[in-house]
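Visitor: Okay, here's the structure, questions in a sec.
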Amino acid sequence: MKIDYDISVETGQTFVVERFRPEDAKGVAHLFYAVYGSAYPFETYYIPERIIEENSNGNIYSVVARTPEGDIIGHGALYRSSPQNQNLYEIGQYIIRKNYRDTFAAFKINQYISEKLVKEVSPDGMFGEAVCNHIITQKSCSIIGMKDVAIELDLMPEETYKKEHNASGRVSCVISVKLFDDSCHEIFIPSVYKEKIDYILSDLNIQRIITCSSEEIPSGLSSDIGVKFFTFASVGRFNVITGGSDFDIITEELEHEGMKNNITIFQFFINLEKPWAGIIIEKLRKKGYFFGGYIPRWFNSDSILMQKNQKLPDFGNINLYSEKAKTLLSLIRSDWKNTVT
């Protein structure tokens, strides 16, 4: 049954932070409704039965702040999302009831996930998409050792944050990562992005053999692309497992399909294990796509994010916490200018 109403939760109760239990599901659903109303883009969190199912099959690992009365006043999670590598988990879905935001609930949930939950789940790594309408989530990621690697411009619609009244226009997100199981491997990138990748790698504490890619796409090779259209957010997200000789045609078809469905944000994540990855990225640059960042282990191998906005990106409405993120935004803006002019 879908939860479509809030409940009253008494202020000032003590709470414990623990792994999700099935009896918490209804409280989690009420919590999401309390914070987002009906605007949260993933319906699962309004349906207790689905919350239980996803926490039992490994798609979500929820952590909750629970009072002695059983009220759920906070939530955070590791969960599977867009990466092709299903063992690279996203960290997020942090929400705290408004009358408990002066407590340490958010800090304790963050600490539990980063210190206890990752040991139980054993992911290759975790990444976060921290919103830029405030810096709180970005700071929380930094506290647990995550490093900024990309910025997704205008990713989320303003309507998602309507109940909290804390966004004016679409909201950009900073991608940050922390890896737990990694080994040195070769990545193939276009030479135009060599300095950008070196900068992003500088504080990640991982080893890569970087080759500036010039190899041509094998003749007759078909593209293999994972396609997701998030119509609620007007976002098209495409995982380019292999870019083939038909890549230009496939790209045009995806853009045409997206625009028919009012998609305004297009994202291509390019698999960097292919020696011709640089050629694929250059093809996207010629179509107006620009650098978004570099995400390790997105395909198990690494990825470069290329993005295009149908409307002018709102660079002035982005709040950033780290100096690295501020530099990264400058690099992204520079590449945007080079590709749109």
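The values are calculated or read from the model by the stated rules, or taken from the named source; none is laboratory data. The structure presented is a predicted model; accordingly, all values stated were derived computationally and were not measured. Neighbour counts run over all protein chains shown; Cβ positions are idealised from the backbone, glycine included. With ligands, DNA and RNA removed, areas are computed over all heavy atoms of the protein, side chains included. Shrake-Rupley method; radii C 1.70, N 1.55, O 1.52, S 1.80 Å.
Visitor: For T231, state whether it is surrounded by fewer than 18 Cβ atoms within 10 Å (Cβ to Cβ), modelled with pLDDT under 95, farther than 21 Å from S176 by Cβ and not small (G, A, S).
Guide: Against the criterion (surrounded by fewer than 18 Cβ atoms within 10 Å (Cβ to Cβ), modelled with pLDDT under 95, farther than 21 Å from S176 by Cβ and not small (G, A, S)), T231 qualifies.
Visitor: Identify, from the list I332, I265, I295, the residue that is β-branched (V, I, T), more than 21 Å from N133 (Cα to Cα) and at pLDDT 95 or above.
Guide: I295
Visitor: Could you figure out which of (1) among the polar types (S, T, N, Q); (2) buried (at least 21 other Cβ atoms within 10 Å of the Cβ); (3) not in a strand (DSSP E or B) isn't true of S62?
Guide: Evaluating S62 over (1) among the polar types (S, T, N, Q); (2) buried (at least 21 other Cβ atoms within 10 Å of the Cβ); (3) not in a strand (DSSP E or B) leaves (3) as the failure.
Visitor: Here's another thing I want to ask about it. I'm trying to understand the selection: among the residues of segment 304-325, which are within 21 Å of V177 (Cα to Cα), touching a residue at least 60 places away in the same chain (Cβ under 8 Å) and not in a loop (DSSP other than H, G, I, E, B)?
Guide: I304, L305, Q307, K324, A325
A quick yes/no check of all residues on (1) in contact with a Leu (Cβ under 7 Å, 6 or more places away or on another chain); (2) open to solvent by 20 Å² or more (accessible area, probe 1.4 Å):
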{"residue": "L78", "(1), (2)": "yes, no"}
{"residue": "L88", "(1), (2)": "no, no"}
{"residue": "D102", "(1), (2)": "no, yes"}
{"residue": "K116", "(1), (2)": "no, yes"}
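Visitor: Need the failing condition index for L328 against (1) assigned to a helix (DSSP H, G or I); (2) more than 19 Å from the chain's Cα centre (by Cα), just the number.
Guide: Failing condition for L328: (2).
Visitor: Would you mind stating whether N317 is out of contact with any Leu (no Cβ under 9 Å at 6 or more places or on another chain), at pLDDT below 95 and either closer than 17 Å to I175 by Cα or surrounded by fewer than 22 Cβ atoms within 10 Å (Cβ to Cβ) (or both)?
Guide: yes
Visitor: Can you confirm whether E10 is acidic (D, E) and surrounded by 14 or more Cβ atoms within 10 Å (Cβ to Cβ)?
Guide: No.
Visitor: Something else now. Working carefully through the options E49, E10, E23, find the one that is touching a residue at least 12 places away in the same chain (Cβ under 8 Å) and in a loop (DSSP other than H, G, I, E, B).
Guide: E10
Visitor: Would you confirm, using the coordinates I've provided, whether R297 is within 18 Å of K147 (Cα to Cα) and open to solvent by 10 Å² or more (accessible area, probe 1.4 Å)?
Guide: Considered against the rule, which asks whether it is within 18 Å of K147 (Cα to Cα) and open to solvent by 10 Å² or more (accessible area, probe 1.4 Å), R297 comes out as yes.
The rows are residues; the columns are (1) modelled with pLDDT under 95; (2) over 28 Å from D182 (Cβ atoms).
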position: D6; (1), (2): yes, yes
position: K26; (1), (2): no, yes
position: L31; (1), (2): no, yes
position: Y45; (1), (2): no, yes
position: R50; (1), (2): no, yes
position: Y79; (1), (2): no, no
position: N85; (1), (2): no, no
position: Q111; (1), (2): no, no
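Visitor: In this structure, is S245 over 30 Å from Y321 (Cβ atoms), open to solvent by 30 Å² or more (accessible area, probe 1.4 Å), assigned to a loop (DSSP other than H, G, I, E, B) and in contact with a Pro (Cβ under 8 Å, 6 or more places away or on another chain)?
Guide: Yes, satisfied.
Visitor: Being free of Cβ contacts under 8 Å to residues at least 40 places away in the same chain, in contact with a helix residue (DSSP H, G or I) (Cβ under 8 Å, 6 or more places away or on another chain) and closer than 30 Å to M259 by Cβ narrows it down to one residue among I225, I144, I217, I151; which is it?
Guide: I225
Visitor: Could you name every one of the strands (runs of 3 or more DSSP E) located completely within segment 122-219 that has at least 1 residues being among the β-branched types (V, I, T) and open to solvent by 50 Å² or more (accessible area, probe 1.4 Å)?
Guide: The qualifying strands (runs of 3 or more DSSP E) are 208-212.
Visitor: Let me ask another. Would you check which residues across segment 248-294 are within 25 Å of C212 (Cα to Cα), open to solvent by less than 10 Å² (accessible area, probe 1.4 Å) and among the aliphatic types (A, V, I, L, M) and list them?
Guide: Hits for segment 248-294 are I270, L272, A277, I280, I281, L284.
Visitor: Oh, and also: Determine the pairs where a residue that is acidic (D, E), located within segment 187-206, has a partner that is modelled with pLDDT of 95 or more with Cβ atoms under 6 Å apart, the partner being 6 or more residues away or on another chain.
Guide: D203/K147
Visitor: From the set of residues in segment 103-138 that are within 22 Å of S303 (Cα to Cα) and among the charged types (D, E, K, R), which is nearest to the chain's Cα centre (by Cα)?
Guide: Filtering first and then ranking leaves E129.
Visitor: While we're on this one: For segment 26-46, enumerate the residues that are assigned to a loop (DSSP other than H, G, I, E, B) and either surrounded by 21 or more Cβ atoms within 10 Å (Cβ to Cβ) or touching a residue at least 60 places away in the same chain (Cβ under 8 Å) (or both).
Guide: Hits for segment 26-46 are G37, A39, Y40, P41.
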